[in-house]
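Take a look at the structure below.
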Amino acid sequence: MTDQEKILNEVTGSDYKFGFQTEIDTETIPKGLNEEVVRIISAKKEEPEWLTESRLKAFRHWQTMEMPQWAHLTIPKIDYQDIIYYAAPKQGAKYENMDEVDPELLDTFNRLGIPLEEQKQLAGVAVDAVMDSVSVKTTFQDTLADKGIIFCSFSEAVKNHPDLIKKYMGSVVPYTDNYFAALNSAVFSDGSFCYIPKGVHCPMELSTYFRINAANTGQFERTLIVAEDDSYVSYLEGCTAPMRDENQLHAAIVEIVAMENAEVKYSTVQNWYPGDKNGVGGIYNFVTKRGICKGDNSKISWTQVETGSAVTWKYPSCILRGENSVGEFYSVAVTNNYQQADTGTKMIHIGKNTRSTIISKGISAGKSQNSYRGLVKVLKGAKNARNYSQCDSLLLGDKCGAHTFPYLEVDNPSAVVEHEATTSKIGEDQIFYCNQRGIDTENAISLIVNGYAKEVLNKLPMEFAVEAQKLLAITLEGSVG
Amino acid sequence: MLEIKDLKVSIEDKEILKGINLSVKAGEVHAIMGPNGSGKSTLASALAGRDYFNITHGKILFDGKDLTELTPEDRAREGIFLGFQYPVEIPGVSMVNFLRTAINSMRKYRGQEPLPAGDFLKLMREKKQVVEIDSDLTNRSVNEGFSGGEKKKNEIFQMALLEPRLAILDETDSGLDIDALRIVSNGVNKLRSPENATIIITHYQRLLDYIVPDVVHVLYKGRIVKSGDKSLARELEEHGYDWIKQEVDANN
């Protein structure tokens, strides 16, 4: 075995830090999925009739669909009747006062580095904490309300802001969009809703932290962000789950609407449990994320650091409808051991002078498979549309795979679309150079990988960037020898 | 300081070094010269611990410790520095970050606390003057987009910062114009002290006009075939390597 192989083996053999389970009373419904289950979920959430109907419509449509097979993924058959579709920590849905929150729950989020007491939090970050199917606590709501900003759980939004939900839910990702979107639209549990009124620059980062805790359950959250004219918001999303031998399903929807001159920055650090060294267990992560730049001069920017999940199927996209609107996608996807990722973006240019940038950095180690899949589509009316795409792949070791699937559809002759792609192996020369300066191989790899991903990591908000750097190092721990 | 005893090194099954004996004392500068393919760079790499060189026989003692039993990073931490013939680019990793990681790894090995950021930046500023390096260079990624001369200067800058006890400079002069050669040599001369030693590996005598060695060795076909003082280098410059080759080949 060469040195590099040895270190690869070591780096790929590290432990998942967030794999603990919280012992807490959980209310669940029986396994399985049918119209009755959809109705039960809706009833548990005390939803209005129209929403129950909308769920049923989605469910009926889902039944006519087949799971998509086009991705470069090998997924064992999923038994959708063997999953629990609703689980909630007992003790009422939402805590008004911190004293009412179960100490076990507080402790869970503390261990995840997300204290729910406002005074303990990073100044400038409001958090909506979602455990299994319900939102546990949303912080800083009052501070935000002073500016007219709504930041609450999706269930609360259904109750308190039904008109906004009715207007925007499904307007970017309709339930007919794809298999997992239909499933989510039928059984979605909770998530976050965020509304930034006209002219308001949101004074703090908004963030949602998703935690799967209960066994055998799926997590199906929805996030909806609406930014009115001339507004700005930066939104962060984090996720973790306990270590289990069974695979668990996560199928989420995120919708973003940006009106004239509005800007939405959406950052994700996805660290669902990836399964063990032998590929046992882990989260199946099937997510539909899409934003629409509805107004002129609007901007939507996706930044993602994907290190977790056994399988990732995810393409955060932008529909650039407003003139001069801008879409951005910055991604670092790391796969190790037996992880599989098929991720990328879609940039749909509809308006004139629309611009998009795609920077994708894939890092594969162990026996993993890492694919970039991206579509750049320029419609007839998108005069002077511009796209720049750069897709880089970095391989650690020789048992992993990196793949790039770019799709270009250009229907306007004035469009300029550029695509660059590189594949490189982490060089023994680079590692030895670091060694010769006293840096051991593990640190050398972390240094090299972080350098490689820097362009994307720089796009993350400060606190997140530091976390993400550590995460990259941990994910690749033991992966080179 | 350094004792190399009957060192034999092969790559795959081919023996490159066929029994090297070399003794370097603190305060000395040794030059190792020789025609292409004689094993000069192999010797440098073997000292630094590059893994695809197999040490089949012999010992490398550094202050009495057997280097062959240490990893490359531990050799570096013990005070061995290799100035690379082809310095490696590491995109996205800033020189500051790289060197701070390096220096703190070495400090940790010696049981010292990490160097506070302020002190480190001050140290960088000081050492930059030694090699007349542009401020801008240290803000860039490690060797990325550096010219050949800049890369070599950067090696000497790193050497100045890491303060090794034994520096091995592998063909540091190759590809340098006369100004860069002067700057690099000045840097090396300024860093000379009674406590440290330098091994200069070079093909040409030119560098030795600037850095005057105490001992000159000629490496040929994997063996040191001749050693002498600085006049040996001049002789090689005038007559080339052929007379040595003939001498050696005649004896075999």
(request) Report, by residue number, each residue of region B:63-85 that is in a helix (DSSP H, G or I), of a type outside the set (D, E, K, R) and facing chain A (nearest Cβ under 8 Å). (result) B:PRO72, B:ALA76
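Listed here are the residues, each with its yes/no results for (1) of a type in the set (Val, Ile, Thr); (2) in contact with a strand residue (DSSP E or B) (Cβ under 9 Å, 6 or more places away or on another chain); (3) in a strand (DSSP E or B).
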position	(1), (2), (3)
A:GLY308	no, yes, no
A:ILE319	yes, yes, yes
A:VAL332	yes, yes, yes
A:GLY344	no, yes, yes
(request) Could you check how many residues of region B:211-229 are under 21 Å from B:GLU163 (Cβ atoms) and surrounded by fewer than 19 Cβ atoms within 10 Å (Cβ to Cβ)? (result) 1
(request) Within region B:179-189, identify whether any single residue is surrounded by fewer than 19 Cβ atoms within 10 Å (Cβ to Cβ), of a type outside the set (Phe, Trp, Tyr), modelled with pLDDT of 90 or more and closer than 23 Å to B:ILE4 by Cα, and answer yes or no. (result) no
(message) Take A:GLU96 and tell me if it is within 26 Å of A:GLU156 (Cα to Cα) and either modelled with pLDDT of 90 or more or not aliphatic (A, V, I, L, M) (or both).
(response) yes
(message) Would you confirm whether or not region B:135-151 contains a residue that is of a type in the set (A, V, I, L, M) and closer than 19 Å to B:ALA167 by Cα?
(response) no
(message) Consider region A:337-358. How many of its residues are farther than 22 Å from A:TRP70 by Cα and in contact (Cβ under 8 Å) with a residue 40 or more places away in the chain?
(response) 4
(message) Please pick out the residue among A:SER317, A:SER298 that is of a type in the set (Gly, Ala, Ser), over 24 Å from A:ARG373 (Cα atoms) and buried (at least 22 other Cβ atoms within 10 Å of the Cβ).
(response) A:SER298
(request) Could you list all residues from region A:138-161 that are in a helix (DSSP H, G or I) and under 25 Å from the mean Cα position of the chain (by Cα)? (result) A:GLN141, A:LEU144, A:PHE154, A:SER155, A:GLU156, A:ALA157, A:VAL158
(request) May I ask you to list the residues in region A:286-328 that are farther than 19 Å from A:ILE363 by Cα and hydrophobic (A, V, I, L, M, F, W, C)? (result) A:PHE286, A:VAL287, A:ILE292, A:CYS293, A:ILE300, A:CYS318, A:ILE319, A:LEU320, A:VAL326
(request) Report yes if A:ALA365 is modelled with pLDDT under 90 and either within 19 Å of A:LYS454 (Cα to Cα) or in contact with a strand residue (DSSP E or B) (Cβ under 7 Å, 6 or more places away or on another chain) (or both), otherwise no. (result) yes
(request) Identify all residues within region B:147-164 that are in contact (Cβ under 8 Å) with a residue 40 or more places away in the chain and more than 13 Å from every other protein chain (Cβ to nearest Cβ); write none if there are none. (result) B:LYS152, B:ILE156
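Say whether the condition of being within 11 Å of chain A (Cβ to nearest Cβ) and modelled with pLDDT of 90 or more is met by at least one residue in region B:111-126.
no
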(request) Could you list, in sequence order, all residues of region B:34-62 that are part of a loop (DSSP other than H, G, I, E, B) and touching a residue at least 24 places away in the same chain (Cβ under 8 Å)? (result) B:GLY34, B:PRO35, B:ASN36, B:SER38, B:GLY39, B:GLY49, B:TYR52, B:PHE53
(message) Condition (residue is in a helix (DSSP H, G or I) and either in contact (Cβ under 8 Å) with a residue 60 or more places away in the chain or over 17 Å from B:TYR210 (Cβ atoms) (or both)) applied to region B:187-200: is it met by at least one residue?
(response) yes
(request) Go through region A:346-368 residue by residue and tally those that are surrounded by fewer than 20 Cβ atoms within 10 Å (Cβ to Cβ), part of a strand (DSSP E or B) and among the polar types (S, T, N, Q). (result) 1
(request) Output the number of the condition that B:VAL131 fails; it satisfies all remaining conditions of (1) of a type in the set (Val, Ile, Thr); (2) within 9 Å of chain A (Cβ to nearest Cβ); (3) more than 27 Å from B:ILE20 (Cβ to Cβ). (result) (2)
(request) Could you grab me the full set of residues in region B:127-169 that are under 17 Å from B:ASN186 (Cβ atoms) and more than 22 Å from the chain's Cα centre (by Cα)? (result) B:ASP134
(request) Hey, can you tell me all the residues within region B:75-86 that are touching a helix residue (DSSP H, G or I) at 6+ places or on another chain (Cβ under 7 Å) and either surrounded by fewer than 20 Cβ atoms within 10 Å (Cβ to Cβ) or polar (S, T, N, Q) (or both)? (result) B:GLN85
(request) May I ask you to say which residue of B:ALA26, B:ALA31 is of a type in the set (A, V, I, L, M), assigned to a strand (DSSP E or B) and touching a Pro at 6+ places or on another chain (Cβ under 9 Å)? (result) B:ALA31
(request) Take region A:328-339 and flag every residue that is under 14 Å from A:PHE405 (Cβ atoms) and surrounded by fewer than 24 Cβ atoms within 10 Å (Cβ to Cβ). (result) none
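The values are calculated or read from the model by the stated rules, or taken from the named source; none is laboratory data. Only a predicted model underlies this, so the values are computations on that prediction, with no experimental measurement involved. Heads up, the Cβs are rebuilt from the backbone with ideal geometry, glycines too, and the neighbour counts pull from every protein chain shown.
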